[in-house]
Amino acid sequence: MNLGPHADFIFASYAVTVFVIAALVGWVVLDYAAQRRVLGDLEERGVTRRSQRKGDA
Amino acid sequence: MQLICENLACVRGGRDVFAGLNFNLNSGEALVVTGRNGAGKSSLLRMIAGLIAMTAGKLTLKGGEADATPGEQAHYLGHLDALKPSLSVSENLAFWMGYFGGGVGIEPALDAVGLAPLASLPAAYLSAGQRRRLSIARLVAVPRPLWLLDEPTSALDQQSQLRLAELMRGHLDTGGMIVAAAHGPIGLDSPRELKLGRRGTELL
Amino acid sequence: MQLICENLACVRGGRDVFAGLNFNLNSGEALVVTGRNGAGKSSLLRMIAGLIAMTAGKLTLKGGEADATPGEQAHYLGHLDALKPSLSVSENLAFWMGYFGGGVGIEPALDAVGLAPLASLPAAYLSAGQRRRLSIARLVAVPRPLWLLDEPTSALDQQSQLRLAELMRGHLDTGGMIVAAAHGPIGLDSPRELKLGRRGTELL
Amino acid sequence: MSMFFAILVRDMRLSVRVGGGALMGALFFLIVVVMMPFAIGPDLNLLARIGPAILWLGALLATLLALDRLFATDYDDGSLDLLMMGRMPLELAVAAKAIAHWLTTGLPLVIIAPVLGLMLNVEMRAMGWVALTLLAGTPALTFIGLIGAALSVTLRRGGLLLAVLVLPLTIPVLIFGVAAANAAIVGPAPFGPPFTILCALSLASFVLGPFAAAAALRHGLE
Amino acid sequence: MSMFFAILVRDMRLSVRVGGGALMGALFFLIVVVMMPFAIGPDLNLLARIGPAILWLGALLATLLALDRLFATDYDDGSLDLLMMGRMPLELAVAAKAIAHWLTTGLPLVIIAPVLGLMLNVEMRAMGWVALTLLAGTPALTFIGLIGAALSVTLRRGGLLLAVLVLPLTIPVLIFGVAAANAAIVGPAPFGPPFTILCALSLASFVLGPFAAAAALRHGLE
Amino acid sequence: MAVIDLANPTRFINFVNRALPWFAAATAIAFAFGLVLTMNAPDDYQQGATVKIMYIHVPTAWLSMMCWGVMSVAALGTLVWRHPLADVAGKAAAPIGTAFTFICLITGSLWGRPTWGTYWVWDARLTSMLVLFLLYLGMLALYWTAEDPGRGSRAAAILALVGAINIPIIKFSVEYWNTLHQPASLFRKGGSAIDPSILWPLLIMALAFTLLFFTLHFAAMRNEILRRRVRTMQMMQAQELAGAQT
Ligand code: HEM
Ligand SMILES: Nc1ncnc2c1ncn2[C@@H]1O[C@H](COP(=O)(O)OP(=O)(O)OP(=O)(O)O)[C@@H](O)[C@H]1O
Ligand SMILES: Nc1ncnc2c1ncn2[C@@H]1O[C@H](COP(=O)(O)OP(=O)(O)OP(=O)(O)O)[C@@H](O)[C@H]1O
Ligand SMILES: [Mg+2]
Ligand SMILES: [Mg+2]
């Protein structure tokens, strides 16, 4: 594929897009792992939500 | 007139404060709300005043004005005085009388709380108790059927407490209602009591 | 060590609060300052802490470090908690330990006030009493000879009050000094008492 | 109506008493405008050319930054609670506060603008027109800023948050304000259309602002 | 020294946690600079010419207005009392707070300045120099603003007071900052002298600021 | 499962747990397909290969506008029905919209340099996109500043609606502004007549980006629900500990 004289710009656009999307995906995935971990810790220590006590609302 | 509170619940900052609260309060009656710190006394008063959203339940003022909420027919005396330090005592009172609409006049209201001699002093120079009394003057100045008082005796000295008790009795005698949060006696003879607790509420 | 207070006077906002105050406090002694609202209890503590200027008089900590003021050898527990809501319990304590310089370690200090299980919780989630206890942990964590406590029992529940009394006794036993402002008993057996009287005149 | 005036009079009184902020906005405006030549350099032609722009930017910043404490003081001393318990719709109470604020903060900006224009080498005659655009446009700034003031008091945070939230929303006002001013000074475009739009923006924000601000207060306060 | 770092680390941590204000200054800077063309018009030559001035003015306002709460939060929660009871001189504690503030607020301004320069049509190469002048000059703004922050907390008043007090004091920084930036871009004056003076101003305020601020706090608080 | 069921946070999490892999797979497939078409798409006769930037630029432009729409609808849910899931939807959308707007701006500038000779002109469309970006940043700042999530969401909802009213006004005013004093004519639009050989890859890429948006949005919503759960449980922990001692 020949991208012509402006290959740098095309490449840069795609690179920026990939980078930003990777950052979004990374944020979502790492955040999920973090919340799961804290939630696990809390549940292990026996803390429950009130809806779990009264039966799931 | 009757304040009817059905199945009221309160959640603040994601935490349950109270739930399933029921009581009726008739003309001429006073209700004292008690309970430990954080039990939700202030929250209940603010909810009746319409200052925080009801999580569940219903509040009605039967026999009151149809087109006004209970909060719009109530006076709220909270921990904050709603006074502007750079306005004088009478200017402060005059503003709230103007805003809430008419009333008995500035002079008699200040007299009722013993602040008449200080009428022209800027509120900045008042001591905590005097500020509190100026707040109370608002209740006297503009007639509204329901008084919501959050620890009304705090910062008041002995004489002022007696004076407040007299004002409250006068209000009840003319058919008013009072809901007060308090940790101790507030000077009324036999108010009804509502105890907010961890295990739910008891109406005593 | 001895805290010597000679002829101390205090003027706040243009009004005399107290004047000609004299007392000595020896190692292992506690002094409870009492008096009505506005008598100047808090003002006295803040003056010893170096937080407000002395109008007249002299304050010395005999036997203390020569190059430090009494305030720099004291802990002050006021009405404000000096906690940052977005930092965790242990981060908050760690900061003050870092700033005041070393001490017994975070874990034991939190244990002493019963907050160890909450170490990683942001301070924003603490109740008033828990915040107060985290403040007290600071006194335990960094040894300083003089403790200045302004209504230390406020917001504390029964058990925490007992725990605080024990911490205070421990501090006195190791040669510390305590000056506390209080309206009621604070759990010490026979503290000396300083009663501040009526000076600040009410404008009426 | 008497309730409306009660608020209006109180707020105006407060801002001219000791500790009030009436002239802080005008002072900030003055300082910012005076500092421009230090930054841009004393090129009088250039200054004259961008004079209206500078005046408008200065007025924009002064108005928004002065709004910071509009609700915060009432929140801090408990007045806001009581204002919400009045018989008057909260929208009107909020509008009264905004009008009082404009009268004590926006109007002085309009009044001192001609003097500052002199320093920026804008012609005397043209300054009249610039002041007119400010008179027509600053109410829009106040009423849009009102929304930011309400949002930031519910979050209990002052300072730059208000400006950050509200500045982008004020872009149309800025554009038409400067366009009208420039049309009046150098032409060739007519003064009428942008000025009409500016007035329309002020009217629209006069309606939108109090509604959004009252909604923010009602939903945000606990 | 470890006390110094305790403050530095805590303040930086606070400003990047939820509720912290780390990027609010940079955001305000961005918005103010982006709004300039709306006022001045999209004339690229003109924008390029006054680009450094716009960037400097934006940075100045962002820095000063972001300083508003520097001591106020510590005052409100009682931390300031305890900070005054430390073994470290208050001057150092104050300096640590200022440095933390600059690192979280001033530095981001310097970093985004080049991007904004692009929009103002300032050449890429020149932007490096402008950023350098900002890097050398914003500490002076922070440290001069520090005095205003201390004064306004003792007067218990936020908002525009700080800017009104401090803006006039920052005029020299603005003048030499813009002069150095312009020298780098268009010449013919050499870059060296104004830049040296800018650095000197930063150093001087680095000493003066904490002393004056600490004195203001000591005398003002009760 | 009825849509109404999803309005319960727990059910919503279950739905996301099941649906997310499928969404992710569909996104990946759409991107693979779209990128192949993109690579094989013909060059523009005027702009050469740089037209390939369009396949990112235009979908992200569309999505950044759609995302504000999503936030406005969520805002109505928050203010009118006080629905917690609406809070969560609004909050989760804000960073994604910001990122897409950012991509649109960056790819546009990178396209502008070869076609117009400069990275940035104050053209009306570019400028209104920039203002949208600023509005998104304001939204993020607001969420960032709010320490209480409920209060933050309600404030953000107001801002989203005010913004939704204002965006058309801003666009109109920016157009007026730019045509009033047009700069030296740097701006020349090329390749306006869209050929099917370009249209198809564009549509597929738009589909891929839309799928990506929903995948990310659902995942972010799930995270936000969990974060609020953690918050509630931490508060309960503090409360319980206080209770145990009284
Ligand atoms: C930072 C710079 C740019 C921004 C912010 C920007 C923004 C936008 C936006 C918002 C749209 C969607 C408009 C709509 O569908 O209603 C769009 C579409 C488009 N842009 Fe850009 N653009 C930029 C630069 C460019 C450049 C340099 C070119 C090419 C010379 C370009 C070519 C196009 C084309 C061909 C479309 C699709 C056609 C259409 O929908 O009208 N853009 N751009
Ligand atoms: N602004 C607020 N936001 C979130 N939660 C709050 C807020 N104010 C109070 N709470 C919480 O609501 C609960 C009830 O508080 P409230 O002030 O009603 O108690 P109270 O009975 O008046 O206590 P006190 O005796 O101390 O006055 C407490 O757990 C408190 O932590
Ligand atoms: N920041 C201040 N500025 C000016 N005057 C003050 C200030 N704080 C307190 N005062 C005044 O100083 C006097 C003493 O106040 P102080 O707080 O020391 O009393 P206190 O004995 O601690 O009262 P309390 O029992 O209410 O705690 C009071 O008359 C008060 O009005
Ligand atoms: Mg209470
Ligand atoms: Mg006291």
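Among the conditions (1) closer than 26 Å to D:Met12 by Cβ; (2) surrounded by fewer than 24 Cβ atoms within 10 Å (Cβ to Cβ), the only one that D:Leu201 does not satisfy is (2). Set side by side, the residues D:Leu151, D:Leu169 differ, and just one is farther than 30 Å from D:Arg49 by Cα, buried (at least 24 other Cβ atoms within 10 Å of the Cβ) and aliphatic (A, V, I, L, M), which is D:Leu151.
Could you check, for segment B:135-145, whether at least one of its residues is touching a Lys or Arg at 6+ places or on another chain (Cβ under 9 Å) and within 14 Å of chain C (Cβ to nearest Cβ)? No, there is no match, as no residue in segment B:135-145 is touching a Lys or Arg at 6+ places or on another chain (Cβ under 9 Å) and within 14 Å of chain C (Cβ to nearest Cβ).
The single residue among A:Val25, A:Val29 that is surrounded by 14 or more Cβ atoms within 10 Å (Cβ to Cβ), modelled with pLDDT of 90 or more, closer than 22 Å to F:Ala25 by Cβ and not small (Gly, Ala, Ser) turns out to be A:Val25. Looking at B:Gly176, B:Gly114, just one residue is under 20 Å from B:Ala49 (Cβ atoms), away from ligand 2 (no atom under 16 Å from the Cβ) and touching a Lys or Arg at 6+ places or on another chain (Cβ under 9 Å), and that residue is B:Gly176. Can C:Gly28 be described as more than 14 Å from chain E (Cβ to nearest Cβ), more than 8 Å from ligand 3 (Cβ to nearest atom) and at positive phi? Judged against the criteria, C:Gly28 is a match.
Quick check, is E:Val178 at pLDDT 90 or above and surrounded by 15 or more Cβ atoms within 10 Å (Cβ to Cβ)? Against the criterion (at pLDDT 90 or above and surrounded by 15 or more Cβ atoms within 10 Å (Cβ to Cβ)), E:Val178 does not qualify.
Table: residues versus (1) away from ligand 2 (no atom under 16 Å from the Cβ); (2) polar (S, T, N, Q); (3) within 14 Å of chain E (Cβ to nearest Cβ); (4) surrounded by fewer than 20 Cβ atoms within 10 Å (Cβ to Cβ).
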site	(1), (2), (3), (4)
F:Met54	yes, no, no, no
F:His57	yes, no, no, no
F:Trp81	yes, no, no, yes
F:Ala86	yes, no, no, no
F:Thr101	yes, yes, yes, no
F:Leu105	yes, no, yes, no
F:Gly117	yes, no, yes, yes
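F:Ile167: more than 16 Å from ligand 3 (Cβ to nearest atom), at pLDDT 85 or above and out of contact with any Lys or Arg (no Cβ under 6 Å at 6 or more places or on another chain), yes or no? Yes: the conditions hold for F:Ile167.
Applying the criterion of being within 30 Å of E:Val34 (Cβ to Cβ) and of a type in the set (Gly, Ala, Ser) to the residues of segment F:190-212, the residue that is modelled with the highest pLDDT is F:Ala206.
Take the conditions surrounded by fewer than 21 Cβ atoms within 10 Å (Cβ to Cβ), away from every other protein chain (no Cβ under 11 Å) and away from ligand 1 (no atom under 16 Å from the Cβ) and apply them to B:Ala112. Does it pass? No; evaluated as a whole, the condition is false for this residue.
Looking across B:Ala74, B:Ala68, B:Ala56, one residue alone is buried (at least 20 other Cβ atoms within 10 Å of the Cβ), small (Gly, Ala, Ser) and either within 21 Å of B:Gly184 (Cα to Cα) or away from ligand 4 (no atom under 16 Å from the Cβ) (or both). It is B:Ala74. Can you find even one residue in segment C:15-34 that is crowded, with 20+ Cβ neighbours inside 10 Å, in contact (Cβ under 8 Å) with a residue 12 or more places away in the chain, in contact with a Ser or Thr (Cβ under 6 Å, 6 or more places away or on another chain) and farther than 30 Å from C:Leu121 by Cβ? Yes, because at least one residue in segment C:15-34 is crowded, with 20+ Cβ neighbours inside 10 Å, in contact (Cβ under 8 Å) with a residue 12 or more places away in the chain, in contact with a Ser or Thr (Cβ under 6 Å, 6 or more places away or on another chain) and farther than 30 Å from C:Leu121 by Cβ.
Residues satisfying the criterion are present in segment B:70-87 (criterion: free of Cβ contacts under 8 Å to residues at least 24 places away in the same chain and within 16 Å of ligand 2 (Cβ to nearest atom)).
Out of F:Phe187, F:Phe172, one residue alone is within 11 Å of another protein chain (Cβ to nearest Cβ), in a loop (DSSP other than H, G, I, E, B), closer than 18 Å to E:Pro42 by Cβ and at pLDDT below 90. It is F:Phe187. Of all residue pairs spaced 6 or more apart or on separate chains, those with beta-carbon atoms under 6 Å, a first member in segment C:102-113 that is over 12 Å from C:Leu134 (Cα atoms) and a second member that is in a loop (DSSP other than H, G, I, E, B) are C:Gly103/C:Val142. Per the listing E:Phe143, E:Phe206, the residue uniquely surrounded by fewer than 19 Cβ atoms within 10 Å (Cβ to Cβ) and touching a residue at least 24 places away in the same chain (Cβ under 8 Å) is E:Phe206. With respect to the numbered conditions (1) at positive phi; (2) at pLDDT below 85, which one is the sole condition not fulfilled by C:Glu202? That leaves (1) as the condition not met.
Return yes or no: is C:Met97 under 21 Å from C:Gly170 (Cα atoms) and either within 16 Å of ligand 2 (Cβ to nearest atom) or within 14 Å of chain E (Cβ to nearest Cβ) (or both)? Judged against the criteria, C:Met97 is a match. Among helices (runs of 4 or more DSSP H) lying entirely in segment D:1-87, which contain 3 or more residues that are within 11 Å of chain B (Cβ to nearest Cβ) and within 27 Å of D:Leu160 (Cβ to Cβ)? Where helices (runs of 4 or more DSSP H) fall fully within segment D:1-87 and carry at least 3 residues being within 11 Å of chain B (Cβ to nearest Cβ) and within 27 Å of D:Leu160 (Cβ to Cβ), they are D:2-16, D:72-76, D:79-84.
Scanning segment C:43-63 for residues that are within 15 Å of ligand 3 (Cβ to nearest atom) and within 22 Å of C:Arg169 (Cα to Cα) gives C:Leu45, C:Ile48, C:Ala49.
Of the residues in segment A:41-48, at least one is loosely packed, with under 11 Cβ neighbours inside 10 Å, at pLDDT below 85 and either over 27 Å from the mean Cα position of the chain (by Cα) or not in a loop (DSSP other than H, G, I, E, B) (or both).
Can you say whether C:Ala165 is in contact with an Asp or Glu (Cβ under 6 Å, 6 or more places away or on another chain), more than 16 Å from ligand 1 (Cβ to nearest atom) and closer than 15 Å to C:Val32 by Cα, as far as the supplied structure shows? Criteria not met by C:Ala165.
The values are calculated or read from the model by the stated rules, or taken from the named source; none is laboratory data. Everything numeric in this text was worked out from a predicted model, so none of it was measured. Cβ: placed from backbone, ideal geometry, glycine included. Neighbour counts: every protein chain shown.
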